[in-house]
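Trainee: Shown below is the structure under consideration.
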Amino acid sequence: MRALVNGAGGFIGGHLVRDLKAKGYWIRGADLVAHEYSPSLADEFLLGDLRDPEFSRQVCEGIDVVYQLAADMGGAGYIFTGDHDAAVMHNSATINLNALEQGRLAGVKRFFYSSSACIYPEYNQLDPDNPKCSEDSAYPAAPDSEYGWEKLFSERLYLAYGRNYGLDVRIARFHNVFGTEGAFSGGKEKAPAAICRKVAEAPDGGEIEIWGDGKQTRSFLYVDECVQGINRLLESDFPGPVNIGSEERVTINQMAEMVIGISGKKLSLRHIPGPLGVRGRNSDNRLIREKLEWAPSRPLVEGLEKTYRWIAAETS
Ligand code: NAD
(Lines give C-alpha, C1' and ligand atoms only; values in the text may rest on other atoms or scores of the structure.)
Protein backbone atom coordinates (compact mmCIF):
# COMPACT_ATOMS: atom_id res chain seq x y z
CA MET A 1 0.00 0.00 0.00
CA ARG A 2 1.46 3.38 -1.01
CA ALA A 3 0.15 6.25 1.10
CA LEU A 4 0.58 10.00 0.78
CA VAL A 5 0.38 11.99 4.01
CA ASN A 6 -0.22 15.68 3.29
CA GLY A 7 0.82 17.62 6.37
CA ALA A 8 3.39 14.99 7.38
CA GLY A 9 5.56 17.74 8.87
CA GLY A 10 2.77 18.62 11.30
CA PHE A 11 1.58 17.25 14.61
CA ILE A 12 -1.02 14.60 13.72
CA GLY A 13 0.61 13.90 10.34
CA GLY A 14 3.90 13.05 12.05
CA HIS A 15 2.22 10.57 14.38
CA LEU A 16 0.20 9.08 11.52
CA VAL A 17 3.34 8.51 9.43
CA ARG A 18 4.97 6.65 12.32
CA ASP A 19 1.91 4.46 12.78
CA LEU A 20 1.37 3.65 9.08
CA LYS A 21 5.05 2.90 8.71
CA ALA A 22 4.83 0.38 11.56
CA LYS A 23 1.91 -1.23 9.71
CA GLY A 24 4.10 -1.76 6.66
CA TYR A 25 2.90 1.04 4.37
CA TRP A 26 5.21 2.77 1.94
CA ILE A 27 4.83 6.45 2.80
CA ARG A 28 5.37 9.69 0.95
CA GLY A 29 5.13 12.72 3.20
CA ALA A 30 4.44 16.20 1.84
CA ASP A 31 4.58 19.50 3.69
CA LEU A 32 5.82 23.08 3.51
CA VAL A 33 8.21 22.26 6.33
CA ALA A 34 10.10 19.30 7.74
CA HIS A 35 8.85 17.94 11.06
CA GLU A 36 10.09 20.20 13.82
CA TYR A 37 10.59 17.69 16.61
CA SER A 38 11.68 14.38 15.08
CA PRO A 39 12.99 13.12 11.75
CA SER A 40 10.14 11.85 9.56
CA LEU A 41 9.90 8.09 9.12
CA ALA A 42 8.35 8.58 5.67
CA ASP A 43 10.11 6.68 2.87
CA GLU A 44 10.10 9.87 0.86
CA PHE A 45 9.45 13.41 2.12
CA LEU A 46 8.72 16.12 -0.42
CA LEU A 47 8.97 19.72 0.69
CA GLY A 48 6.61 21.98 -1.22
CA ASP A 49 3.44 24.00 -1.29
CA LEU A 50 0.22 22.04 -1.68
CA ARG A 51 -1.53 25.23 -2.87
CA ASP A 52 0.50 24.69 -6.04
CA PRO A 53 -1.43 22.32 -8.37
CA GLU A 54 1.80 21.08 -9.96
CA PHE A 55 3.27 20.06 -6.58
CA SER A 56 -0.07 18.48 -5.62
CA ARG A 57 -0.02 16.41 -8.79
CA GLN A 58 3.59 15.35 -8.30
CA VAL A 59 2.97 14.08 -4.75
CA CYS A 60 -0.02 11.98 -5.90
CA GLU A 61 1.87 9.96 -8.49
CA GLY A 62 1.70 6.21 -7.83
CA ILE A 63 -0.33 6.68 -4.64
CA ASP A 64 -3.14 4.36 -3.45
CA VAL A 65 -4.49 6.45 -0.59
CA VAL A 66 -4.19 10.13 0.32
CA TYR A 67 -4.38 11.23 3.95
CA GLN A 68 -5.13 14.94 3.66
CA LEU A 69 -4.12 16.64 6.92
CA ALA A 70 -2.41 19.77 5.58
CA ALA A 71 -4.20 22.95 6.66
CA ASP A 72 -3.51 26.49 7.73
CA MET A 73 -4.55 26.09 11.33
CA GLY A 74 -3.75 26.75 14.96
CA GLY A 75 -5.35 27.15 18.37
CA ALA A 76 -7.74 29.87 19.55
CA GLY A 77 -4.97 32.48 19.37
CA TYR A 78 -4.76 31.84 15.61
CA ILE A 79 -8.31 30.89 14.60
CA PHE A 80 -10.48 33.17 16.74
CA THR A 81 -8.76 36.56 16.52
CA GLY A 82 -10.02 37.11 12.95
CA ASP A 83 -6.55 38.25 11.83
CA HIS A 84 -5.88 35.13 9.75
CA ASP A 85 -9.37 34.48 8.34
CA ALA A 86 -8.60 35.14 4.69
CA ALA A 87 -5.39 33.10 4.76
CA VAL A 88 -7.04 30.21 6.61
CA MET A 89 -9.91 30.00 4.12
CA HIS A 90 -7.85 30.56 1.00
CA ASN A 91 -4.94 28.33 1.90
CA SER A 92 -6.87 25.35 3.23
CA ALA A 93 -9.56 25.44 0.53
CA THR A 94 -6.88 25.59 -2.18
CA ILE A 95 -5.01 22.65 -0.65
CA ASN A 96 -8.23 20.59 -0.63
CA LEU A 97 -9.28 21.59 -4.15
CA ASN A 98 -5.84 20.58 -5.40
CA ALA A 99 -5.66 17.35 -3.41
CA LEU A 100 -8.90 16.08 -4.91
CA GLU A 101 -8.52 17.31 -8.47
CA GLN A 102 -4.84 16.44 -8.85
CA GLY A 103 -5.28 13.21 -6.93
CA ARG A 104 -8.16 12.06 -9.10
CA LEU A 105 -6.27 12.96 -12.29
CA ALA A 106 -3.30 10.95 -11.00
CA GLY A 107 -5.60 7.95 -10.45
CA VAL A 108 -5.89 8.02 -6.64
CA LYS A 109 -9.07 6.27 -5.53
CA ARG A 110 -9.07 6.68 -1.73
CA PHE A 111 -8.98 9.88 0.32
CA PHE A 112 -9.06 10.54 4.03
CA TYR A 113 -9.98 14.09 5.02
CA SER A 114 -9.42 15.60 8.48
CA SER A 115 -12.34 17.87 9.27
CA SER A 116 -13.01 19.41 12.65
CA ALA A 117 -15.51 19.79 15.48
CA CYS A 118 -15.29 23.50 14.59
CA ILE A 119 -17.91 22.86 11.89
CA TYR A 120 -20.66 22.47 14.52
CA PRO A 121 -23.13 25.35 14.92
CA GLU A 122 -22.36 27.90 17.59
CA TYR A 123 -26.04 27.95 18.64
CA ASN A 124 -25.73 24.37 19.93
CA GLN A 125 -22.64 25.14 22.01
CA LEU A 126 -23.74 28.04 24.22
CA ASP A 127 -24.35 25.97 27.36
CA PRO A 128 -21.02 24.66 28.72
CA ASP A 129 -22.81 21.77 30.47
CA ASN A 130 -24.89 20.65 27.52
CA PRO A 131 -23.20 21.11 24.14
CA LYS A 132 -24.65 19.27 21.15
CA CYS A 133 -22.17 17.84 18.64
CA SER A 134 -23.89 14.84 17.09
CA GLU A 135 -22.93 14.46 13.44
CA ASP A 136 -26.47 15.18 12.25
CA SER A 137 -26.53 18.54 14.06
CA ALA A 138 -24.10 20.15 11.59
CA TYR A 139 -26.95 21.81 9.66
CA PRO A 140 -28.37 24.48 9.57
CA ALA A 141 -24.72 25.46 9.54
CA ALA A 142 -23.37 28.22 11.78
CA PRO A 143 -19.72 27.52 12.69
CA ASP A 144 -18.19 30.18 14.94
CA SER A 145 -15.04 30.61 12.82
CA GLU A 146 -14.00 30.89 9.18
CA TYR A 147 -11.78 27.87 9.88
CA GLY A 148 -14.98 25.90 10.58
CA TRP A 149 -16.68 27.20 7.43
CA GLU A 150 -13.73 26.13 5.29
CA LYS A 151 -13.82 22.67 6.86
CA LEU A 152 -17.53 22.39 6.13
CA PHE A 153 -17.02 23.48 2.53
CA SER A 154 -14.23 20.94 2.13
CA GLU A 155 -16.29 18.13 3.67
CA ARG A 156 -18.87 18.80 0.97
CA LEU A 157 -16.17 18.96 -1.67
CA TYR A 158 -14.86 15.49 -0.69
CA LEU A 159 -18.39 14.07 -0.66
CA ALA A 160 -19.12 15.63 -4.07
CA TYR A 161 -15.93 14.16 -5.57
CA GLY A 162 -16.88 10.84 -4.04
CA ARG A 163 -20.31 10.91 -5.68
CA ASN A 164 -19.34 12.31 -9.08
CA TYR A 165 -16.01 10.51 -9.64
CA GLY A 166 -16.59 7.27 -7.76
CA LEU A 167 -13.87 7.99 -5.20
CA ASP A 168 -13.75 6.25 -1.82
CA VAL A 169 -13.81 9.18 0.59
CA ARG A 170 -13.55 9.07 4.40
CA ILE A 171 -14.13 12.10 6.63
CA ALA A 172 -13.43 12.48 10.35
CA ARG A 173 -14.25 15.46 12.55
CA PHE A 174 -11.40 15.67 15.08
CA HIS A 175 -12.13 17.19 18.50
CA ASN A 176 -9.12 18.99 20.11
CA VAL A 177 -6.29 16.56 19.54
CA PHE A 178 -3.20 16.97 21.72
CA GLY A 179 -0.01 15.12 22.53
CA THR A 180 3.74 15.03 22.18
CA GLU A 181 5.55 16.52 19.18
CA GLY A 182 2.99 19.24 18.54
CA ALA A 183 3.27 23.05 18.64
CA PHE A 184 3.49 24.41 22.19
CA SER A 185 4.62 27.98 21.46
CA GLY A 186 4.77 30.52 18.66
CA GLY A 187 1.04 31.40 18.39
CA LYS A 188 -0.37 28.25 16.74
CA GLU A 189 -0.40 26.10 19.90
CA LYS A 190 -3.67 24.83 21.30
CA ALA A 191 -4.90 24.97 24.90
CA PRO A 192 -3.44 21.70 26.34
CA ALA A 193 0.04 22.38 24.95
CA ALA A 194 -0.09 26.06 25.93
CA ILE A 195 -1.13 25.20 29.48
CA CYS A 196 1.57 22.51 29.75
CA ARG A 197 4.18 25.06 28.62
CA LYS A 198 2.95 27.72 31.05
CA VAL A 199 3.01 25.24 33.94
CA ALA A 200 6.44 23.93 32.97
CA GLU A 201 7.87 27.45 32.83
CA ALA A 202 6.21 28.81 35.98
CA PRO A 203 8.23 28.96 39.19
CA ASP A 204 6.80 26.93 42.06
CA GLY A 205 4.37 29.11 44.00
CA GLY A 206 3.70 31.31 40.95
CA GLU A 207 0.71 31.63 38.64
CA ILE A 208 -0.31 30.89 35.07
CA GLU A 209 -2.59 32.90 32.80
CA ILE A 210 -5.83 31.40 31.46
CA TRP A 211 -7.83 33.07 28.69
CA GLY A 212 -11.37 33.96 29.77
CA ASP A 213 -12.96 32.70 33.00
CA GLY A 214 -11.77 29.13 32.31
CA LYS A 215 -15.33 27.83 32.69
CA GLN A 216 -15.71 27.04 29.00
CA THR A 217 -15.81 23.27 28.45
CA ARG A 218 -14.02 21.03 25.94
CA SER A 219 -12.92 17.44 25.52
CA PHE A 220 -9.37 16.60 24.49
CA LEU A 221 -8.19 13.54 22.59
CA TYR A 222 -4.70 12.13 22.92
CA VAL A 223 -3.09 11.79 19.50
CA ASP A 224 -2.58 8.00 19.69
CA GLU A 225 -6.33 7.46 19.85
CA CYS A 226 -6.85 9.94 17.02
CA VAL A 227 -4.54 7.88 14.80
CA GLN A 228 -6.29 4.69 15.91
CA GLY A 229 -9.62 6.27 14.94
CA ILE A 230 -8.32 7.21 11.48
CA ASN A 231 -7.15 3.63 10.92
CA ARG A 232 -10.46 2.17 12.04
CA LEU A 233 -12.38 4.51 9.77
CA LEU A 234 -10.24 3.48 6.80
CA GLU A 235 -10.66 -0.19 7.67
CA SER A 236 -14.46 0.18 7.79
CA ASP A 237 -16.82 0.79 4.92
CA PHE A 238 -18.28 3.92 6.56
CA PRO A 239 -17.49 7.19 4.76
CA GLY A 240 -18.41 9.51 7.65
CA PRO A 241 -18.34 12.32 8.54
CA VAL A 242 -17.79 10.92 12.01
CA ASN A 243 -16.54 12.48 15.24
CA ILE A 244 -13.16 11.32 16.46
CA GLY A 245 -12.95 12.80 19.93
CA SER A 246 -13.09 12.17 23.63
CA GLU A 247 -16.32 12.35 25.62
CA GLU A 248 -14.49 13.38 28.81
CA ARG A 249 -15.74 16.97 29.05
CA VAL A 250 -13.77 19.29 31.37
CA THR A 251 -13.54 23.02 31.96
CA ILE A 252 -10.29 24.71 30.98
CA ASN A 253 -9.75 25.41 34.68
CA GLN A 254 -10.09 21.69 35.46
CA MET A 255 -7.61 20.79 32.74
CA ALA A 256 -5.15 23.39 34.08
CA GLU A 257 -5.51 21.94 37.59
CA MET A 258 -4.79 18.46 36.20
CA VAL A 259 -1.58 19.69 34.59
CA ILE A 260 -0.56 21.54 37.76
CA GLY A 261 -1.18 18.31 39.69
CA ILE A 262 1.04 16.38 37.28
CA SER A 263 3.82 18.97 37.64
CA GLY A 264 3.83 18.68 41.44
CA LYS A 265 4.04 22.49 41.68
CA LYS A 266 1.79 24.83 43.63
CA LEU A 267 0.41 27.33 41.11
CA SER A 268 -2.62 29.58 40.95
CA LEU A 269 -4.67 30.57 37.89
CA ARG A 270 -4.98 34.18 36.72
CA HIS A 271 -7.79 34.83 34.25
CA ILE A 272 -7.14 37.35 31.51
CA PRO A 273 -9.08 38.38 28.37
CA GLY A 274 -8.31 36.29 25.29
CA PRO A 275 -9.85 34.63 22.22
CA LEU A 276 -12.10 31.78 23.33
CA GLY A 277 -14.37 30.06 20.80
CA VAL A 278 -17.63 28.38 21.77
CA ARG A 279 -18.75 28.14 25.41
CA GLY A 280 -19.01 24.37 25.49
CA ARG A 281 -18.01 21.45 23.27
CA ASN A 282 -17.83 17.71 23.68
CA SER A 283 -17.57 14.81 21.30
CA ASP A 284 -20.71 12.75 20.75
CA ASN A 285 -19.51 9.21 20.16
CA ARG A 286 -22.78 7.40 19.45
CA LEU A 287 -22.19 7.23 15.70
CA ILE A 288 -18.55 6.10 15.88
CA ARG A 289 -19.53 3.37 18.36
CA GLU A 290 -22.31 2.22 16.08
CA LYS A 291 -20.35 2.30 12.80
CA LEU A 292 -16.82 1.38 13.89
CA GLU A 293 -17.65 -0.58 17.06
CA TRP A 294 -15.01 1.48 18.80
CA ALA A 295 -14.58 4.86 20.47
CA PRO A 296 -11.72 6.62 22.26
CA SER A 297 -11.65 5.64 25.92
CA ARG A 298 -8.35 6.65 27.50
CA PRO A 299 -8.54 9.12 30.42
CA LEU A 300 -7.47 12.70 29.75
CA VAL A 301 -4.98 12.75 32.60
CA GLU A 302 -2.99 9.93 30.99
CA GLY A 303 -2.38 11.93 27.80
CA LEU A 304 -1.71 15.12 29.74
CA GLU A 305 0.95 13.34 31.74
CA LYS A 306 2.85 12.29 28.59
CA THR A 307 2.40 15.69 26.97
CA TYR A 308 3.48 17.61 30.06
CA ARG A 309 6.62 15.49 30.50
CA TRP A 310 7.55 16.03 26.83
CA ILE A 311 6.95 19.80 26.89
CA ALA A 312 8.73 20.17 30.23
CA ALA A 313 11.78 18.41 28.74
CA GLU A 314 11.64 20.54 25.57
CA THR A 315 11.46 23.80 27.52
CA SER A 316 14.07 22.99 30.18
P1 NAD B 1 -0.44 21.08 12.11
O2 NAD B 1 -0.51 22.55 11.90
O3 NAD B 1 0.56 20.57 13.10
O4 NAD B 1 -0.21 20.34 10.73
C5 NAD B 1 -0.64 20.85 9.51
C6 NAD B 1 0.51 20.80 8.55
O7 NAD B 1 0.07 21.30 7.28
C8 NAD B 1 1.69 21.68 8.98
O9 NAD B 1 2.88 20.91 9.10
C10 NAD B 1 1.81 22.70 7.85
O11 NAD B 1 3.15 23.07 7.54
C12 NAD B 1 1.17 21.96 6.69
N13 NAD B 1 0.73 22.90 5.66
C14 NAD B 1 0.00 24.03 5.83
N15 NAD B 1 -0.14 24.66 4.66
C16 NAD B 1 0.54 23.91 3.73
C17 NAD B 1 0.76 24.06 2.33
N18 NAD B 1 0.28 25.12 1.66
N19 NAD B 1 1.48 23.13 1.70
C20 NAD B 1 1.99 22.05 2.38
N21 NAD B 1 1.80 21.86 3.70
C22 NAD B 1 1.08 22.79 4.36
O23 NAD B 1 -1.93 20.63 12.50
P24 NAD B 1 -2.45 19.27 13.13
O25 NAD B 1 -2.89 19.57 14.50
O26 NAD B 1 -1.49 18.16 12.87
O27 NAD B 1 -3.78 19.06 12.26
C28 NAD B 1 -3.83 18.18 11.14
C29 NAD B 1 -5.20 18.29 10.50
O30 NAD B 1 -6.21 17.95 11.46
C31 NAD B 1 -5.55 19.68 10.00
O32 NAD B 1 -6.28 19.59 8.80
C33 NAD B 1 -6.43 20.23 11.09
O34 NAD B 1 -7.31 21.24 10.62
C35 NAD B 1 -7.17 18.99 11.54
N36 NAD B 1 -7.66 19.11 12.92
C37 NAD B 1 -6.79 19.14 13.94
C38 NAD B 1 -7.26 19.26 15.24
C39 NAD B 1 -6.34 19.32 16.43
O40 NAD B 1 -6.84 19.44 17.54
N41 NAD B 1 -5.03 19.24 16.27
C42 NAD B 1 -8.64 19.35 15.49
C43 NAD B 1 -9.50 19.30 14.38
C44 NAD B 1 -9.00 19.15 13.10
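Trainee: Residues that are among the acidic types (D, E) and away from the ligand (no atom under 13 Å from the Cβ): does the stretch 169-188 have at least one?
Mentor: Checked against the condition, which is being among the acidic types (D, E) and away from the ligand (no atom under 13 Å from the Cβ), the stretch 169-188 yields no hits at all.
Trainee: Which of (1) more than 18 Å from the chain's Cα centre (by Cα); (2) part of a loop (DSSP other than H, G, I, E, B); (3) touching a residue at least 60 places away in the same chain (Cβ under 8 Å) is the odd one out, the single condition A70 does not satisfy?
Mentor: Condition (1) is where A70 drops out.
Trainee: Could you pull out the residue among V88, V59 that is assigned by TED's automatic domain parsing to the domain that holds R156, open to solvent by less than 10 Å² (accessible area, probe 1.4 Å), more than 18 Å from S154 (Cα to Cα) and part of a helix (DSSP H, G or I)? Steps first, answer last, please.
Mentor: On the way: V88 fails: more than 18 Å from S154 (Cα to Cα).
Every option except V59 fails the conditions.
Trainee: Is it fair to say A191 is in contact with an Asp or Glu (Cβ under 6 Å, 6 or more places away or on another chain) and within 11 Å of the ligand (Cβ to nearest atom)? Reasoning before the result, please.
Mentor: Numbers: in contact with an Asp or Glu (Cβ under 6 Å, 6 or more places away or on another chain): no; within 11 Å of the ligand (Cβ to nearest atom): yes.
Against the criterion (in contact with an Asp or Glu (Cβ under 6 Å, 6 or more places away or on another chain) and within 11 Å of the ligand (Cβ to nearest atom)), A191 does not qualify.
Trainee: Which condition does E101 not pass, out of (1) part of a helix (DSSP H, G or I); (2) open to solvent by 40 Å² or more (accessible area, probe 1.4 Å); (3) touching a helix residue (DSSP H, G or I) at 6+ places or on another chain (Cβ under 6 Å), if it passes all the others?
Mentor: (3)
Trainee: Next up: Given the conditions (1) closer than 22 Å to G166 by Cα; (2) more than 14 Å from the ligand (Cβ to nearest atom), which single one is not true for N98?
Mentor: If we test N98 against (1) closer than 22 Å to G166 by Cα; (2) more than 14 Å from the ligand (Cβ to nearest atom), just (2) comes out false.
Trainee: Which of the residues spanning the stretch 185-199 are touching a Lys or Arg at 6+ places or on another chain (Cβ under 8 Å) and either in the same structural domain as Y120 (by TED's automatic domain parsing) or surrounded by fewer than 19 Cβ atoms within 10 Å (Cβ to Cβ) (or both)?
Mentor: Once the filter is applied, which keeps residues that are touching a Lys or Arg at 6+ places or on another chain (Cβ under 8 Å) and either in the same structural domain as Y120 (by TED's automatic domain parsing) or surrounded by fewer than 19 Cβ atoms within 10 Å (Cβ to Cβ) (or both), the stretch 185-199 yields only S185.
Trainee: Could you please find all residues in the stretch 200-224 being of a type in the set (D, E, K, R) and surrounded by fewer than 23 Cβ atoms within 10 Å (Cβ to Cβ)?
Mentor: Hits for the stretch 200-224 are E201, D204, E207, E209, D213, K215, D224.
Trainee: Name the single residue, out of those in the stretch 160-173 being more than 16 Å from K291 (Cβ to Cβ) and of a type in the set (A, V, I, L, M, F, W, C), that is surrounded by the fewest Cβ atoms within 10 Å (Cβ to Cβ).
Mentor: A160
Trainee: Also: What number of residues in the stretch 1-34 are crowded, with 20+ Cβ neighbours inside 10 Å and modelled with pLDDT under 95?
Mentor: The number of residues fulfilling the criteria is 0.
Trainee: Next question. Just name the residue that is farthest from the ligand (Cβ to nearest atom) out of those in the stretch 1-14 that are touching an Asp or Glu at 6+ places or on another chain (Cβ under 7 Å) and not small (G, A, S).
Mentor: In this case the residue turns out to be M1.
Trainee: Output the residues belonging to the stretch 28-52 that are more than 23 Å from W310 (Cβ to Cβ) and more than 12 Å from the ligand (Cβ to nearest atom).
Mentor: Once the filter is applied, which keeps residues that are more than 23 Å from W310 (Cβ to Cβ) and more than 12 Å from the ligand (Cβ to nearest atom), the stretch 28-52 yields R28, D43, E44.
The values are calculated or read from the model by the stated rules, or taken from the named source; none is laboratory data. Values in this document were obtained by computation on a predicted structure and should not be read as measured data. Virtual Cβ from ideal backbone geometry, glycine too; neighbours counted across all protein chains shown. Surface accessibility is based on the protein's heavy atoms, side chains included, excluding ligands, DNA and RNA. Shrake-Rupley method; radii C 1.70, N 1.55, O 1.52, S 1.80 Å.
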